[in-house]
1. Being out of contact with any helix residue (DSSP H, G or I) (no Cβ under 9 Å at 6 or more places or on another chain) and either under 30 Å from Gly57 (Cα atoms) or in contact (Cβ under 8 Å) with a residue 12 or more places away in the chain (or both) is the requirement here; does Ile215 meet it?
2. Please specify each residue of segment 338-382 satisfying the condition of being of a type in the set (A, V, I, L, M) and without any contact (Cβ under 8 Å) to a residue 40 or more places away in the chain.
3. Which residues, counting only those in segment 136-154, are at pLDDT 95 or above and open to solvent by 50 Å² or more (accessible area, probe 1.4 Å)?
4. Can you confirm whether Tyr378 is under 25 Å from His254 (Cα atoms), open to solvent by 70 Å² or more (accessible area, probe 1.4 Å) and over 19 Å from the mean Cα position of the chain (by Cα)?
5. Given (1) assigned to a strand (DSSP E or B); (2) within 23 Å of Ile415 (Cβ to Cβ); (3) not acidic (Asp, Glu), where does Gly123 come up short, assuming only one miss?
6. Looking at segment 220-241, which of the residues that are in contact (Cβ under 8 Å) with a residue 12 or more places away in the chain and open to solvent by 60 Å² or more (accessible area, probe 1.4 Å) is farthest from Arg102 (Cα to Cα)?
7. Note down all Cβ pairs under 8 Å where the first residue falls in segment 289-301 and is closer than 13 Å to Gln327 by Cβ, the second is among the basic types (Lys, Arg) and assigned to a loop (DSSP other than H, G, I, E, B), and they're at least six residues apart or on different chains.
8. Using the structure shown, decide if Ala385 is under 26 Å from Phe253 (Cβ atoms) and open to solvent by less than 10 Å² (accessible area, probe 1.4 Å).
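The values are calculated or read from the model by the stated rules, or taken from the named source; none is laboratory data. These figures come from a predicted structure and were not determined experimentally. Glycine also receives a Cβ, built like all others from the backbone with ideal geometry; neighbour counts cover every protein chain displayed. Quick note on the areas: whole protein, heavy atoms, side chains included, nothing else; ligands and nucleic acids left out. Shrake-Rupley method; radii C 1.70, N 1.55, O 1.52, S 1.80 Å.
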Amino acid sequence: MTARRTSAVVVALAARVAAAQPADDADRERVVDLEARLKTLEQTKRARFPIRISGYGDVGFFAAQGDGTGWRRDAGHVLFPQYGGYAWVFWGDLLATQVNSRGEVADLGQAPGVNRFDSIHAGGNPSFLVNELNLTIDAGLSERALFTASTNFVPRSGHDFALGDFVDVDIVQLEYIADRDGKTSLFVGKIESVLGIEYKTRKAPKRFGITPSLIARYTTGTAVGAKVRSKLADDHVILAAAVTNGSFGTEQFHFYKEIDTNAFKTLSARAALRWPVGRGVLELGASAQYGTEDGAPNGAGAMWFVDADAELELGRVDVKAEYIHGQAPGDPESMTYALDLRGGGYVETDVLVTSIVGVYGRAEFRDAHVAEGVQRLYITKGWRAVGGVRLTINPHAIVKAEYLHNGQYGGLPSIPADVFTISAVFAF
C-alpha cells in the first residue's frame, strides 16, 4: 500500500469485502457485488468521473395451467351473495401466475369493465420469453458520492403496427456516504425500498429462485424521494428511513403512483438487529409505512403497512420469513382502490447443495379484499407452494427452474393456476 491517503469510503468497503470472504461458495454473489462497488469507488481517486457499466439478460420459458389467469368471476353473485352491492365480484389473485423475477403473470385475462396492460398475455399457451435486459451505470462523482442508474428493457408483443417493447427506469439515485467509516448513506432520486427484506433480492441475478412472493407487490417497488440508512454498534443495528411521493409497491399493482397526487408524502422506516448465531448470522427486523393513499387526492385517508421479517444465514443455508398487514381506504370519487390486507407472508429456505447446485422452497399466503368503489371487488384467500432448483454455471451464468402450485382456502373454490417456469440469467 502506498503512503497516499486512501479514501475512507474505499477502506470501509474493503473491510466489508474482507469480512464477506466465504468459507464456501454461499456468499459468492455478495462478494462480487461488494468488489464491484469497491472498484468503482477506487477509480474515483484516478478519474473525475469514473464509470462502471454492468447488467444482465434474463431469458426463459414458462407453461401455465388453464388459461394462465389466477382469478374467476362470480357471475350473478351466486357464490358470494353477501357482496351483492358490488357490480362485479371476483375471487383469486391477479398476480398468482407469475412467471419471472419481474412479477409478470402468464395472463391477466379479460375482466369486464376494465382495460389493463397485459404485458405477456399468453392465453394459457407455453412460451419462450425474454424477461428483461438490464443496464446499470455506476459513476463515482467524488470520494463519497456515487450515482447509480438502472434501466430494464422489456421486449413484448406489439399490435396494430405498434411496438410492444417498453423501458422501465428502475433506479436513478445519488448516494452520499456521510461519515468516514462508510456506515451512513443518504440517497435521493428513485430509490429502493426500506420495507421488509425481499427488496434486497428483487432482481434476477440476486434472487435465489425466480418468482417474487405474493406480498412482494407491497414492498419491493422503487419510489421517488429521499432515504437515509445507517449501521450502528459494529453493524449489529441497522436503521433506515425514507420520505417518498408514494408507497414502495410495485408499479404493476393498484397501489403505486410515481408522481404524487396529493401533498402528504409517504413515510417509511425499518429497524433491524443483526447478530452472529453459531457459524451464521441472524437478522430480525420491523418496518412500517404511512401516507395518504397513492392515487387519492388531498384530504383522502391514509394507506399504511406494518411488516416483520427475519433471516438466518448459515453459509450454505439461508432461511427467511416475512409477514405484512395493512389497509388503504380508497376514494370513490377518484376511483382509487381500497385495500384490506388482513395478512400475508412467506417462509423460504435456500440451500446450496454444492457450489453448482442449489435447491429452494417457499410457502406463502395472502388474505386480502381489494375494492374499487362499488364497481368491483376482489376476494383473495390464496396460498402457494414454490419449489425449484438452480445451477450456477459460473458467477455470471445461472439457470433456474421453478414450479408454483396455487391454491385457495377459506371456502373459496379452487382455480387451476399452477405455473412451471425456467430462467437463464447472464450477468456482465
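1. no
2. Within segment 338-382, Ala338, Val347, Val351, Val353, Ile356, Val357, Val359, Ala363, Ala368 qualify.
3. Of everything in segment 136-154, those that are at pLDDT 95 or above and open to solvent by 50 Å² or more (accessible area, probe 1.4 Å) turn out to be Ile137, Phe147, Phe153.
4. No: the conditions fail for Tyr378.
5. Here Gly123 clears every test but (1).
6. Leu232
7. Hits for this filter: Gly291/Lys265.
8. Spelling it out, it is not the case that Ala385 is under 26 Å from Phe253 (Cβ atoms) and open to solvent by less than 10 Å² (accessible area, probe 1.4 Å).
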